[in-house]
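Some notes on the structure that comes next.
The values are calculated or read from the model by the stated rules, or taken from the named source; none is laboratory data. Small disclaimer: the values here were computed from a predicted structure and weren't measured. FYI the Cβ positions are ideal-geometry reconstructions off the backbone, even for glycines, and counts take in every protein chain you see.
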Ligand code: PFF
């Protein structure tokens, strides 16, 4: 059986559409909210350097593996892994790697849509100038009130899920591609607007120092863990997303150089987000808080104090919402593609069914911030804490490691060479060393350091 040259779901209209779609998946809440504050807290420029090493040594090879497996299999991650393991006469168990990715992506989607719903709520609030001249207590109260109100959260989550269903249901060209064609350029422009705004604010030097001063004394082994985890999450790895998107990449596209462009874009956005956010925070004499508080309390407060703050605050939350929607669609696509293939089902119908399941799973996350906040599943982890922990700390590293091992050591050589265009001996050697040794071992080290303490105490 020859491998298909086109997926039944269609193909990207060209290399750049794939770049936009994959960058759309990669650029999300992880870049705009998470990266800036973990970089600031964990050594500034020193963290950025470590993060770059993780992206280069682990992130890029695993993304190449995923895109390559997707394109070679020309199907959803589960079926791509099935076809390729059969081609390689390898164990059928490899298809479980596809399953794990699809499941992890879906679990993450269930809470991603809730948090993205908060961003939508903040667009609504900033448009009305709700934060103008607000005090820090009141800003904190707006956020606390949202979290305490399940109905309000469910309403915004529902709108966000509906939007995701609508886009994904329209298919690769008319849905996914159309969305990234519109949202990604707007996102880049909004980011530049905010960068210029931050650059002209009085807090720019302080913001720059917070993110880039080389604070090597803040670096511990834990820093490597955080950096690698961030690289996985922000590059959308091991969740089926890149493999599903890889299935739609045209034959002539060079996977290596394209993946490098995607990783660079993602990093540039993350760093720019920090350079836009921190100057605004410092210009108001505020301290960058950790966690969701930075995006949903400190920033609105900061915008509220600045001239034209309502306008730029709105720009910011529109940016976050656009970044989130182009990530959410990539989290639904793997499961959707699988169901369409398996049951020959209509895309729209599958999108609605998956959307409803995701919405229902997301209710658990909604309640985790209020009525179930103290209902613990394991230790001190409530529902949201639990699915976040299991998907990010267990399913992602395991999935990533197996994907790299499969791509380098199991997939037949001729497929590998053709997909990656490996022509020279040194290219194959480099690929085997970085993709097949450095990346899996790096992930293994992180995985063991997360899991081992749980058992050793
Ligand atoms: N990369 C996204 C972010 O940084 O927010 C999150 C994400 C999207 C993870 C899609 C995984 C994925 F498949």
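Set side by side, the residues 354, 398, 454, 422 differ, and just one is under 27 Å from residue 110 (Cβ atoms), at pLDDT below 95 and surrounded by 18 or more Cβ atoms within 10 Å (Cβ to Cβ), which is 398. Residues in segment 205-218 that are part of a helix (DSSP H, G or I) and over 14 Å from residue 36 (Cβ atoms): 205, 216, 217, 218.
Is it true that some residue in segment 23-34 is in contact (Cβ under 8 Å) with a residue 12 or more places away in the chain and more than 12 Å from the ligand (Cβ to nearest atom)? There is no residue in segment 23-34 that is in contact (Cβ under 8 Å) with a residue 12 or more places away in the chain and more than 12 Å from the ligand (Cβ to nearest atom).
Only residues that are buried (at least 24 other Cβ atoms within 10 Å of the Cβ) and either over 19 Å from residue 33 (Cβ atoms) or in contact with a strand residue (DSSP E or B) (Cβ under 8 Å, 6 or more places away or on another chain) (or both) were counted in segment 242-282, giving 10. Looking only at segment 315-348, filter to residues that are more than 15 Å from the ligand (Cβ to nearest atom) and closer than 11 Å to residue 168 by Cα; which one of those is surrounded by the most Cβ atoms within 10 Å (Cβ to Cβ)? By that ranking, first place goes to 347. Annotation note: of 270, 218, 283, the sole residue that is touching a helix residue (DSSP H, G or I) at 6+ places or on another chain (Cβ under 9 Å) and within 13 Å of the ligand (Cβ to nearest atom) is 270.
Taken over segment 358-378, the residue count meeting the criterion of being touching a helix residue (DSSP H, G or I) at 6+ places or on another chain (Cβ under 9 Å) and in a loop (DSSP other than H, G, I, E, B) is 8. The criterion of at least 3 residues that are over 23 Å from the mean Cα position of the chain (by Cα) is met by the following helices (runs of 4 or more DSSP H) wholly inside segment 393-457: 413-420, 425-433, 439-456. Within segment 151-162, does at least one residue satisfy the condition of being assigned to a helix (DSSP H, G or I), within 16 Å of the ligand (Cβ to nearest atom) and touching a residue at least 12 places away in the same chain (Cβ under 8 Å)? Yes.
Every test in (1) surrounded by fewer than 24 Cβ atoms within 10 Å (Cβ to Cβ); (2) within 16 Å of the ligand (Cβ to nearest atom); (3) at pLDDT 90 or above is passed by residue 291 save one, and that test is (3).
Here 256, 252, 198 are screened, and the one residue that is part of a loop (DSSP other than H, G, I, E, B) and away from the ligand (no atom under 16 Å from the Cβ) is 252.
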